[in-house]
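The values are calculated or read from the model by the stated rules, or taken from the named source; none is laboratory data. What you see is a predicted model, and the numbers here were worked out from it, not measured in a lab. FYI the Cβ positions are ideal-geometry reconstructions off the backbone, even for glycines, and counts take in every protein chain you see. Side chains included, ligands, DNA and RNA excluded: accessible areas come from the protein's heavy atoms. Shrake-Rupley method; radii C 1.70, N 1.55, O 1.52, S 1.80 Å.
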Amino acid sequence: MFQKPVLLVIAHGSRDPRHAATVHALVRRVRSLRPGLRVETGFLDFNIPSVQGVLESLAAEGVRDVVALPLLLTRAFHAKADIPAVLRDAPRRLNIRQAEVLGPSPLLLSALERRLYEAGLTPADKSSTGVVLASAGSTDPEAIAVIAEIAREWRHTGWCAVRPAFASASLPRTEDAVRELRDLGCERVAVAPYVLAPGFLPDRIARGAAQADVLADVLGPAPEVARLLLRRYAEAAVRVPLPGRTAVSA
């Protein structure tokens, strides 16, 4: 009987307990959407179980096929280096496909808007509201370019203006983007964190949003994010890795 590959969700991990709690909430929603799919969670750092520990446990159980899905929004260092390195050290009996990162995706834009509406905005507010798309930031120019492109794309859906901002490594900061939108003449300014779970950098985004009118919650276990995880899983599951090797997304 054909067995579906196990979905291993790989999260970064954090000393902040809210991070792991949010990751687990998202994974529970994924399981609720696909009851017949086995979904496991592993962390790169700070939290347990570790990715390596989960992979070793799966191999010991006799599992052969795994889709490793990075819980990341851009293809920065973790997706390009850290995760492939961990997967290369997995037990050789495992056939591992590394799924693509979550972003960019229209589903993430839908999740961002969900969070803004939950924070008090309505669709009627879009044309008079400027939005700061606030991400964690990265030293990877590809990741920064993707965030800027998402902001440009999102602007075309009816918002007064959309500006990218970064909590680290890149500029502008959230507070600077808030001021820019004020100077532009937007009637109200909202900050939409383009992050998956709470932690140090999301808290910095929140502090930078002090002068905004609206601060949305992190994406967390939004239904659109859970559906996107399953979409990335399905895309990766159809690829055929060599036995005992890892197929990595291009």
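Would you point out which residue out of Ala81, Ala124 is in a helix (DSSP H, G or I), without any contact (Cβ under 8 Å) to a residue 12 or more places away in the chain and under 20 Å from the mean Cα position of the chain (by Cα)?
After ruling out the rest, the residue left standing is Ala81.
So, in region 138-160, exactly how many residues are at pLDDT 95 or above, of a type outside the set (Gly, Ala, Ser) and in a loop (DSSP other than H, G, I, E, B)?
Within region 138-160, residues that are at pLDDT 95 or above, of a type outside the set (Gly, Ala, Ser) and in a loop (DSSP other than H, G, I, E, B) number 4.
What's the number of the condition Leu69 fails, among (1) under 29 Å from Leu201 (Cα atoms); (2) touching a residue at least 40 places away in the same chain (Cβ under 8 Å); (3) in a loop (DSSP other than H, G, I, E, B)?
The single condition Leu69 does not satisfy is (3).
Take region 38-53 and flag every residue that is open to solvent by 50 Å² or more (accessible area, probe 1.4 Å) and aliphatic (A, V, I, L, M).
Result: Leu44, Ile48.
What's the total number of residues in region 206-241 that are acidic (Asp, Glu), within 30 Å of Val67 (Cα to Cα) and open to solvent by 40 Å² or more (accessible area, probe 1.4 Å)?
2
Hey, does region 16-36 have a residue that's within 22 Å of Asn95 (Cβ to Cβ) and surrounded by fewer than 16 Cβ atoms within 10 Å (Cβ to Cβ)?
yes
Within region 138-175, track down each residue that is within 28 Å of Pro123 (Cα to Cα), in contact with a helix residue (DSSP H, G or I) (Cβ under 8 Å, 6 or more places away or on another chain) and of a type outside the set (A, V, I, L, M, F, W, C).
Glu153, Thr157, Gly158, Arg163, Pro164, Pro172, Arg173, Thr174, Glu175
Give region 104-125 a look and list any residue that's open to solvent by less than 30 Å² (accessible area, probe 1.4 Å) and in contact with a Phe, Trp or Tyr (Cβ under 8 Å, 6 or more places away or on another chain), or say none.
Of everything in region 104-125, those that are open to solvent by less than 30 Å² (accessible area, probe 1.4 Å) and in contact with a Phe, Trp or Tyr (Cβ under 8 Å, 6 or more places away or on another chain) turn out to be Leu108, Leu109, Leu112.
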